[in-house]
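Structure provided below as structure tokens; questions to follow.
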Amino acid sequence: ALASRVRRKDTLALKLSNRHAPEKDAREDKSSGHTGGRTPGHTHQGSTGLTWQSREQWEAIRTQIGSALTRRLSQRPSAEELEQRNILQPKNQVDRQAEVREIKRRLTRKARKILRFHEYVEVTTANDYDRRADKPWTKLTPADKAAIRKELNDFKSSEMEVHEDSRIYTRFHRP
């Protein structure tokens, strides 16, 4: 966006400075039979479409072009930035291969599990319990369902605290 604004300002300035020149140039060409020579009294139009009549004007136009080019060069990203964005490749094949090897080494180091062993082992006691996974409801046998209902009824009748007035509303499952 900034580059287009700078370019637009440059072209506007050039068009404004050259607004009267093409009309004047056309009149002089018709009257003097201009052939394009570079004599001091005549105008010259180069490949850029700019006109000049004296050495000072030529120098001014040259400095304008130079400043526009330096502005464009300063907007250009540096070689390091282009390499970081993977636009400009590293200098040679050896550097590129070294960079790829370093990336592979870093990535494989993350994937590996590093085990560290100690000389001393700490032993603790653990309670023994049934470590089998619970069966889903769809795969329970009728005997399993009856055992669950019985355990739930026993819990509700003896261990679950219920208010005396609400005890009549306690729902028990069929045995």
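Please treat every number below as a calculation from the coordinates, not as lab data. Please read these numbers as outputs of a predicted model, since none were measured by experiment. Note: ideal-geometry Cβ built from the backbone for every residue, glycine included; neighbour counts use all protein chains shown.
What aspartates and glutamates sit close enough to Lys145 to cross-link, taking a C-alpha to C-alpha distance under 14 Å and skipping anything fewer than 8 places away on the same chain?
Answer for Lys145, where 14 Å is the Cα cut-off: Asp134, listed by chain and number.
Return Ser54, Ser17, Ser166 ranked ascending by Cβ neighbour count within 10 Å, so the fewest neighbours appear first.
Lowest count first: Ser166, Ser54, Ser17.
Ordered by residue, what ³J(HN,Hα) values in Hz, to whole numbers, does segment 143-156 give under the Karplus form 6.51 cos²θ - 1.76 cosθ + 1.60, where θ = phi - 60° and Gly and Pro are x?
5, 4, 5, 5, 5, 5, 4, 5, 4, 5, 5, 4, 5, 5
Starting from the Cα of Lys150, draw a straight line to each of the aspartates and glutamates and keep only those under 17 Å, dropping any in the same chain fewer than 8 residues away.
Glu159
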